[in-house]
Amino acid sequence: MLGDVLQADGLDPGLSFLDVGGDSFLSTLFITRVEEHFDVGMTADELSLDQPLRDLLGTLARSIAATAGARQEVGA
């Protein structure tokens, strides 16, 4: 998904979103795709685009997991 937005393959996880060509428009596009695909609510403020991609994706994974966990608790 990230590679699609940035139109790049084999992204270096040590580089930041900005280092690999991301900008504010692409970050909005990426967040929108994540929200639609994983049914989570995110804001650009929640993602630091100058952190390494591995950390950015870790933040996303935790947010997705927390949202899924909250839904399970509500449904239980």
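Every number here is computed from the coordinates shown, using simple stated rules; none is lab data. Bear in mind the structure is a predicted one, so any value in this text is a computation, not a measurement. Neighbour counts run over all protein chains shown; Cβ positions are idealised from the backbone, glycine included.
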*Any idea what angle helix 53-75 forms with the longest principal axis of the chain, computed on alpha-carbon atoms, 0 to 90 degrees, nearest 10?*
10 degrees
_Relative contact order of the chain, pairs being alpha-carbon contacts under 8 Å that are 6 or more residues apart, as %_ = 32 percent
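Could you work out the percent of alpha carbon pairs in the chain separated by over 19 Å, rounded to a whole number?
Values: 959 of 2850 pairs.
So the pairs more than 19 Å apart make up 34 percent of the total in the chain.
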_Between helix 24-38 and the chain: long-axis angle, C-alpha atoms, 0 to 90°, nearest 10_ = 30 degrees
*Measuring from label point to label point, each 7 Å out along Cα→Cβ, what is the HIS37 to ALA61 span in nm?*
1.4 nm
